[in-house]
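Right, one structure below, let's go through it.
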Amino acid sequence: MKTNTIMKRILSSMAFVSCSLLIQAQTVYDAVNVADKDINGTARFVGMGGAMSALGGDISTMSTNPAGIGIYRNNDIAFTMGYNVNSTSQNFAGTQSSANKYRFTLDNAGVVIAAKIGERTPLRYANFGFSYRKSKNFYKNTSMAGNGKFVLGGLSQSFLMASLSDGLKGDDWDKGNHYTNNNIGWLSALGYDAYITDFDNSGYYTSKAGTNAYMREFRSVERGSMDEYNFNVAFNTNDRFYFGLTLSAHDVNYRKYSYYDEDWNNSAEGYVLESYNSLDGQGIDAKFGMIVRPFEEAPLKLGFAVHTPTFYNLTYTTGAAITSDVFDLPTDTETTSHTVDTYEELGNRDMERSFHLRTPWLFNVSTGLTVGRQFALDAEYEYKDYKSMKFFDEDGYAAPFGTENSEVKNCLKHVNAFRVGAEFKPMSQFAIRAGYNYQSAIYNSQTAVKYLPLNSINTDTDFLNTHHLNTLTLGTGYRSGNVYVDLAYKYDLQKGDFYPFYNENTADVIEVPEAVRITNNRHKVMMTVGFRF
């Protein structure tokens, strides 16, 4: 199997000093997991592909263009439920496999109060809104196993354990608990304590794996979600200029379990590494928007919106366990089993590390067109610079995260998104909707790896470099008097390259095994029940 070298980094002494100030845990992949959001809201909004920033008039536009609430002339209350099917498939060692996850969710709930000011005054309406939105669903299962084995092309995850140990001397291991030592990373400690790595004659650490390692099985279970709470005020001036403000609070709840099984020497030796990780916290941001009708008699609307970065206060919690079967000495005829559990090593607790994260600014421009009461069309463009994300410590300083912030620039890209949505009403009570979304890739496929500082407590080394995202949506709606019911279907298709680990060789060159191509298909059916009065 071919080994691909995807980037080269030389760690300067300054970078080493900065990362040794405190034990690190979070990675670029954690940051993207929090910053990237799903298209979600009411069934009408999703049925039109989330393209309503210029049309407005829907509770979900609080999250995209706050001026959309200024379109309202009546009060509105709505609740949305969804059913999710997340399917992950891959070709592992010649065996096609998949893992599915099914889940019901409360996706959206909100209320808009429309306060009429006057017919002849410049200010016609002052509207207020509140909404809850599930902005991210983390539920996903990934499984790679079969009758075959995934050859790692002469590499091993244990090589990473060894390279992260280089620079540690023998007496460094005698200075108290390995898992609370700010100068020892957890992968280094697990490899050393499980007798997987050791010194060689030149002073570097080596692995017992040799060059014939293979991955027997990998699986991960991800759970949790992100919730968004929006508080909105919007105004209608002369029925031509609408502007609004949304203040948003975010709640993060993410869990991941991963299992990695690697064998060497025709299965005589190997190990199993299990990682338990969670990310919890809160964030706040503000959204500003406007909608303009440039021509009084024309049904054309132009929309503009800007979202400030979300400022998160996050806590990363982790634990790991490793079980190895190795020959302790070259002359051994039977392997010896070694088990290390960080939960026990830390006195029956997991490790916690808190930090701050600043996500990118978001800019949105849109145009909407209506033809009578029968047809509506919205098209929009959105821009986010993921390279501008930044980590900070609890006191607000970025310097301790020099390695991570450098990796943000190395691994991530400017992201462009295009959305279009349409609604057709063949009769006044019935509507048909459709939408399409395209979002460019967040990760730079040539440079992105889950790079770990020398003292990182992160032990789940797998990473997925996702490609561009395509989303297709369909919807329908029925209104009778003040009551309305909307249905929507959303299909997300995204491929990506999965890597179980990276390795940094003695020339400071980053190497990875050949990628496993993963396809993620997400299906969602939604229903909104609402009441306008």
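Here are a few things to note about the model shown:
- Euclidean distance between Cα centres, region 127-156 to region 105-124, Å: 38
- Extension gain, ASN416 back to TYR397 (0.36 nm per residue minus Cα-Cα distance, nm): 3.9 nm
- Residues of region 463-484 with an amide N closer than 18 Å to a point placed 7 Å from the Cα of HIS523 along the Cα-to-Cβ direction: 470-476.
- Full extension of the chain segment joining LEU247 with ASN183 gains 18.9 nm, where the gain is 0.36 nm per residue of separation less the Cα-Cα distance.
- Set of lysines with alpha-carbon distance to LYS169 below 19 Å, sequence-local pairs under 8 removed: LYS208
- Segments 475-481, 227-233 sorted - mean Cβ within 10 Å per residue, highest first: 227-233, 475-481
- Here region 309-351 and region 434-458 have alpha carbon centers that stand 26 Å from each other.
- Value of relative contact order over region 411-494, rounded to a whole percent, pairs C-alpha under 8 Å and six or more apart: 29
- Portion, in percent, of the accessible area of the chain that falls on carbon or sulfur, probe 1.4 Å: 56
- Assigned charges on the beta-carbon of Lys, Arg, Asp, Glu; region 403-533 dipole about Cα centre (debye): 1100
- Of all lysines in the structure, the ones whose alpha carbon falls short of 29 Å from that of LYS390, not counting any fewer than 8 places away in one chain, are LYS8, LYS37, LYS134, LYS136, LYS140, LYS256, LYS287, LYS409, LYS413, LYS450, LYS495.
- The mean accessible area for residues of the chain, using a 1.4 Å probe and ignoring ligands and nucleic acids, is 41 Å² per residue.
- Its relative contact order, with pairs defined as Cα atoms under 8 Å and 6+ residues apart, puts the chain at 21 percent.
- Working ranking of peptides 78-86, 160-168 by packing, defined as the average number of other Cβ atoms within 10 Å per residue, highest first, is 160-168, 78-86.
The values are calculated or read from the model by the stated rules, or taken from the named source; none is laboratory data. This one's a predicted model, so the numbers in the text were calculated from it and none came from an experiment. Cβ atoms come from the backbone with ideal geometry, glycine included; neighbour counts cover every protein chain shown. These area figures cover heavy atoms from the full protein model, side chains too; ligands, DNA and RNA do not enter into them. Shrake-Rupley method; radii C 1.70, N 1.55, O 1.52, S 1.80 Å.
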